[in-house]
Amino acid sequence: MNVPLIVAGSLAILGAAIHGVGGEVLVVRQLSPGMLPSSRFGGPRTTKLMIHTTWHLTTIAFLTVGLALLLSGSVLHGDTARGIGLLAATASTGFAAVAVGLGGVYRQFPRSLLLHPGPIMLTATAVLAWWGAL
C-alpha cells in the first residue's frame with residue numbers, strides 16, 4: 001500500500017466530482033448563448049456546446065488520473081504500479097502547471113491561488129503523486 005498515491009488519487013477523484021457537478025451548476029449552466037461569441041464552427045450555441053464538452057472532458061481526465069493513482073497505490077504492484085504512478089504524476093503536474101500558470105497570467109499572482117481551490121488542490125495532488133511514485 002502506497003499512502004501518498006492513495007491520498008493523491010482520492011484528492012483527484014474528489015476534485016473531479018467537484019469540477020463536474022460544481023462546474024455544471026455554477027459555470028456551464030450560467031453561460032448565456034446570447035453573451036457568447038460565434039466562432040468559425042458556428043454560432044453562440046455552438047460556442048456553449050464546445051465549452052460544455054471541454055469542461056466535462058477535463059472532468060473525465062481528472063477522474064481517470066485519480067483512478068490511476070488510486071490503483072497504483074492500492075491494487076497494482078511492482079513496475080506496473082510505478083509506471084502508472086509516474087504517468088499519473090506527470091499528468092497531475094501538467095494540470096497543476098496549467099492552472100497555476102494561467103491563474104498567474106489572468107489574475108494577480110499569488111493572490112489568484114487563494115481565489116479558487118483548483119490550483120492548490122491540483123498542486124497538492126501532483127506533489128503527493130510524485131512522492132508516492134518515486
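Of the conditions (1) part of a helix (DSSP H, G or I); (2) exposed (fewer than 13 other Cβ atoms within 10 Å of the Cβ), G66 fails just one. Which one is it?
The single condition G66 does not satisfy is (2).
When the stretch 85-99 is examined, which residues are found to be closer than 16 Å to H19 by Cα and either small (G, A, S) or in contact (Cβ under 8 Å) with a residue 12 or more places away in the chain (or both)?
Hits for the stretch 85-99 are S92, F95, A96, A99.
Being open to solvent by less than 30 Å² (accessible area, probe 1.4 Å) and of a type in the set (V, I, T) is true for just one of T93, T47. Which residue is that?
Of the residues listed, the single one that is open to solvent by less than 30 Å² (accessible area, probe 1.4 Å) and of a type in the set (V, I, T) is T47.
So L71 ticks every box in (1) open to solvent by less than 50 Å² (accessible area, probe 1.4 Å); (2) closer than 18 Å to G132 by Cα but one. Which box is left unticked?
(1)
Scan the stretch 27-44 for residues that are surrounded by fewer than 11 Cβ atoms within 10 Å (Cβ to Cβ) and either of a type in the set (V, I, T) or in a loop (DSSP other than H, G, I, E, B) (or both) and report the count.
Count: 4.
Which of the residues belonging to the stretch 29-52 are closer than 23 Å to L14 by Cβ and without any contact (Cβ under 8 Å) to a residue 12 or more places away in the chain?
R29, Q30
Among the residues of the stretch 96-109, are any out of contact with any strand residue (DSSP E or B) (no Cβ under 8 Å at 6 or more places or on another chain), open to solvent by less than 80 Å² (accessible area, probe 1.4 Å) and within 16 Å of V7 (Cβ to Cβ)?
Checked against the condition, which is being out of contact with any strand residue (DSSP E or B) (no Cβ under 8 Å at 6 or more places or on another chain), open to solvent by less than 80 Å² (accessible area, probe 1.4 Å) and within 16 Å of V7 (Cβ to Cβ), the stretch 96-109 yields at least one hit.
So how many residues does the stretch 114-133 have that are at pLDDT below 95 and either touching a strand residue (DSSP E or B) at 6+ places or on another chain (Cβ under 6 Å) or in a helix (DSSP H, G or I) (or both)? Break it down stepwise before answering.
In the first step, residues of the stretch 114-133 are kept if they are at pLDDT below 95; the result is 114-120.
Going one step further and asking which of them are either touching a strand residue (DSSP E or B) at 6+ places or on another chain (Cβ under 6 Å) or in a helix (DSSP H, G or I) (or both), we end up with 114-115, 118-120.
Residues meeting the conditions: 5.
The values are calculated or read from the model by the stated rules, or taken from the named source; none is laboratory data. Just so you know, these numbers come straight off a predicted model, no measurement behind them. Using ideal geometry, Cβ is built from the backbone for each residue, glycine included, and neighbour counts are taken over all protein chains shown. Ligands, DNA and RNA are stripped out before the accessible areas are found, and what is left, the full protein with its side chains, is counted by its heavy atoms. Shrake-Rupley method; radii C 1.70, N 1.55, O 1.52, S 1.80 Å.
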